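A short write-up of the structure that comes next.
The values are calculated or read from the model by the stated rules, or taken from the named source; none is laboratory data. All of these numbers come straight from a predicted model, not from anything done at the bench. Cβ: placed from backbone, ideal geometry, glycine included. Neighbour counts: every protein chain shown.
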Amino acid sequence: MEKHLSLTRKPSPNPHHDTSALAYRCSQDRIMVYDFLQICKTYDKNIYNREYFKATPCPACPAVGRFKMHGSYWRYAIYFDGFEGCEIILKRMEIKRIKCVSCRTTHAVMPGDIIPYEVLTLFVIMYILVLFYLKKVPVLKIAKEWNFSYQFIYCVLWIFHIHLNNIRQYIREVSPEDIPAVFDACGVLALIKKPYIKFQYGYIKTTRRPCFMCKFFDGRGAPPIGVHAPRGAAT
């Protein structure tokens, strides 16, 4: 039987229902731990056990490594299999969930290239942006080549546009010496496109949210995001 993560809950008709507790419980369901040792192509929930998270801090409390396995849920992701001349893959993934025994919050264990609440993975978005901004490929040609609608390509460009100032701020904070003279969209993209997974790792560590996640973009109600620490890593 398939398991699905419920992200919304219907309000109780009871006027005495504790809405603050409901909001807290909903936020618990959205907490995530990113595992940058995995990507969508290689992700396998069966590799995870309690020992795997021995050095991983809980995003919701000060505890470290106090996790137990807590089921899973299904979701879809689109990624490219390869680079030049690559194939588009739609993968049905079973995402592992873990639970902190200290604060009792549950966390979805995400591969490093996934974007929460989006089907497209990080490399697909980056590839489309590189084609448009750096290689100057027209939107209609990108859409035809990859069998996407042109509206879909414009949606990806819009996602980049609304995150652009946040990415600029991140680069100014962590690598001010890398800032080009003309810090436009092309300049930003040239800095983050390779290695793109390293950029996402640093962005999450600094901002506590994945880049290109549009949900909770204004910051209100955003869940805490954690990063898996391999055994022996400093926490």
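Worth pointing out:
- Residues of the range 125-159 classified as closer than 17 Å to residue 88 by Cβ and of a type in the set (Lys, Arg), total: 2
- Some residue of the range 115-132 being surrounded by fewer than 21 Cβ atoms within 10 Å (Cβ to Cβ), aromatic (Phe, Trp, Tyr), more than 23 Å from residue 164 (Cβ to Cβ) and in contact with a Lys or Arg (Cβ under 7 Å, 6 or more places away or on another chain): no
- Scanning the range 185-195 for residues that are more than 15 Å from residue 122 (Cα to Cα) and surrounded by fewer than 12 Cβ atoms within 10 Å (Cβ to Cβ) turns up nothing.
- In the range 64-83, the residues that are more than 15 Å from residue 39 (Cβ to Cβ) and in contact (Cβ under 8 Å) with a residue 60 or more places away in the chain reach residues that are surrounded by 18 or more Cβ atoms within 10 Å (Cβ to Cβ) and charged (D, E, K, R) with C-beta atoms within less than 6 angstrom, at least six apart or across chains, in these pairs: 71/97; 72/96; 72/97.
- Within the range 46-61, if we keep just the residues that are without any contact (Cβ under 8 Å) to a residue 60 or more places away in the chain and part of a loop (DSSP other than H, G, I, E, B), the residue that is nearest to residue 102 (Cα to Cα) turns out to be 61.
- Residue pairs whose Cβ atoms lie under 6 Å apart, separated by 6 or more positions or on different chains, with the first residue in the range 100-122 and within 19 Å of residue 49 (Cβ to Cβ) and in contact (Cβ under 8 Å) with a residue 24 or more places away in the chain and the second among the charged types (D, E, K, R) and outside any strand (DSSP E or B), are 100/66; 101/66; 102/66.
- Conditions (1) at pLDDT 90 or above; (2) out of contact with any Pro (no Cβ under 7 Å at 6 or more places or on another chain); (3) part of a loop (DSSP other than H, G, I, E, B); number of the one not met by residue 194: (1)
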